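S.K.: Following this message is one structure expressed as structure tokens.
The values are calculated or read from the model by the stated rules, or taken from the named source; none is laboratory data. What you see is a predicted model; the values in this text were computed from it and never measured. Neighbour counts are summed over all protein chains in view; Cβ atoms, including those assigned to glycine, are modelled from backbone coordinates with ideal geometry. Ligands, DNA and RNA are excluded from the accessible area calculation, which covers all protein heavy atoms including side chains. Shrake-Rupley method; radii C 1.70, N 1.55, O 1.52, S 1.80 Å.
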Amino acid sequence: MADRNELFENLKGWILQLPGVTQAAHRFGGTEFQVGGLEFMHHHGPSFLDIRLSKSDQATVLKNGTALRHRFAPQAGWVSFRIEKLEDLEAARRLILLAYENARAGMEAHRARRNQMKLG
């Protein structure tokens, strides 16, 4: 069985290679990952991830059992995911990529609106 710390370090390296991703201390402990200053996921220890999805992606992954309902903020699109074994990394990457793309698109739309307001 793979060590959970090792699995998480592998995942963390992959996350940090996504364009524009930064990491910061999370307000409730652990590390959060951001793109354009917007948090799209954080972790609590090496095996417990909280990932923010669009509402439709959240509904899909909860329905098909890919992720768990977030304990405190499901209304905001958050889901939880546990890494138990090496095979879990691929599913984690798919969820994280959905969250990353959503956050990146949201920040780009926000910047475009802000720039439009400056020009208007």
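S.K.: Just one of the numbered conditions (1) exposed (fewer than 12 other Cβ atoms within 10 Å of the Cβ); (2) over 24 Å from Asp3 (Cβ atoms); (3) not β-branched (Val, Ile, Thr) is not true of Gly106; which one?
M.R.: (1)
S.K.: Looking only at segment 61-100, which residues are farther than 21 Å from Leu7 by Cβ, open to solvent by 50 Å² or more (accessible area, probe 1.4 Å) and at pLDDT 90 or above?
M.R.: Leu62, Lys63, Asn64
S.K.: Also, quick follow-up: Could you check segment 5-25 and list, in sequence order, the residues that are among the small types (Gly, Ala, Ser) and over 19 Å from Phe81 (Cα atoms)?
M.R.: Result: Gly20, Ala24, Ala25.
S.K.: What number of residues within segment 1-19 satisfy the criterion of being open to solvent by less than 60 Å² (accessible area, probe 1.4 Å), at pLDDT 90 or above and in a loop (DSSP other than H, G, I, E, B)?
M.R.: First pass over segment 1-19, keeping only residues open to solvent by less than 60 Å² (accessible area, probe 1.4 Å): 2, 7-8, 11-13, 15, 18.
Subset that is at pLDDT 90 or above: 7-8, 11-13, 15, 18.
Keeping just the survivors that are in a loop (DSSP other than H, G, I, E, B) gives 18.
The qualifying residues number 1.
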